[in-house]
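Below: the structure, in structure tokens.
The values are calculated or read from the model by the stated rules, or taken from the named source; none is laboratory data. These numbers come from a predicted model, not from an experiment. A quick note on method: Cβ atoms are made from the backbone with ideal geometry, for glycine too, and the neighbour counts reach across all protein chains shown. Calculation scope for accessible area: heavy atoms of the full protein, side chains included, ligands and nucleic acids excluded. Shrake-Rupley method; radii C 1.70, N 1.55, O 1.52, S 1.80 Å.
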Amino acid sequence: GRPAPAGISHMPLTRTFHVATDCGLAVSNDNGASFTTTHIDPVNPKLFSVLVVNRSTGVAADNRRTWFLNNGQWTPALGGPDAGDTFTPHAFASPWWAASNIFFHAGRDRRLWVSTTSGGAWRPMPTICDTLPNGCGNREPFVRAGRGLDGDPTHIDVYYGDGTNLWRQTVTTANPGGNLADWRKPTKLDHLDPADIAFTPGHEEPLMLATDGGVHLTADQGKQWTLTGSNVGGFVALQVGEMTGRQVGGAHVAGHRI
């Protein structure tokens, strides 16, 4: 009776929005004034993330598999994550301005995936987390794509939040999977645990970063990020501050102090 929405996708240069919801895929063609909901999978309608870049190209994810648009029909993809329970609304990114066949996916297995077949098939994109004994964790991962900061139209900057750290790698349309050694972290990030990135209108440069410490701005194309508007500015994010109460020590079981 009260379905929850998750990932939201705006089809570039249109008035069309797609929203992943508990009840299926909600689609609006009038800038969100009205929506029609359809089931990608009637047996398992709950969706977590979606990205549609044009009428015939898009991807979506539920808690079992990844889907892609195949001649206008939602079809199960080949490959991609088949385990894990980390679901994020920011699971997909595409450099649609350079190559609409390329997609990146922050999977429920906490790995990063890449597709060069419009989401029809996926392969792992190596990250630093793959080299760690226990991988990466904390908050949900996310992936975003921006234009190459060097101005080359065939270059794509991939931004990956692994749950703790923020990474960036410049890849090419010819090799969107990149290389493990090319991932770089910001030289300054005054709070970890990133959640999402916003870009300038043409995806030319990163502009804002959200973490569980608040909202960050950058003055040097993402090399350094600085908190802005925190505390009394109203962007304390997931933190709790300026409250009074009583601290009670000791162990607690079922609401009783031991």
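Restricting to segment 127-144, what's the tally of residues that are among the charged types (D, E, K, R), in a loop (DSSP other than H, G, I, E, B) and open to solvent by less than 70 Å² (accessible area, probe 1.4 Å)? Number of matching residues: 1.
Listed by position, the strands (runs of 3 or more DSSP E) contained in segment 1-111 that have at least 1 residues being open to solvent by 40 Å² or more (accessible area, probe 1.4 Å), without any contact (Cβ under 8 Å) to a residue 12 or more places away in the chain and out of contact with any Lys or Arg (no Cβ under 7 Å at 6 or more places or on another chain) are 5-10, 36-38, 73-76. Among the residues of segment 146-166, the one identified as farther than 18 Å from S100 by Cβ, of a type in the set (D, E) and open to solvent by less than 10 Å² (accessible area, probe 1.4 Å) is D162. Within segment 224-241, the set of residues being surrounded by fewer than 15 Cβ atoms within 10 Å (Cβ to Cβ) and modelled with pLDDT of 90 or more comprises T226 only.
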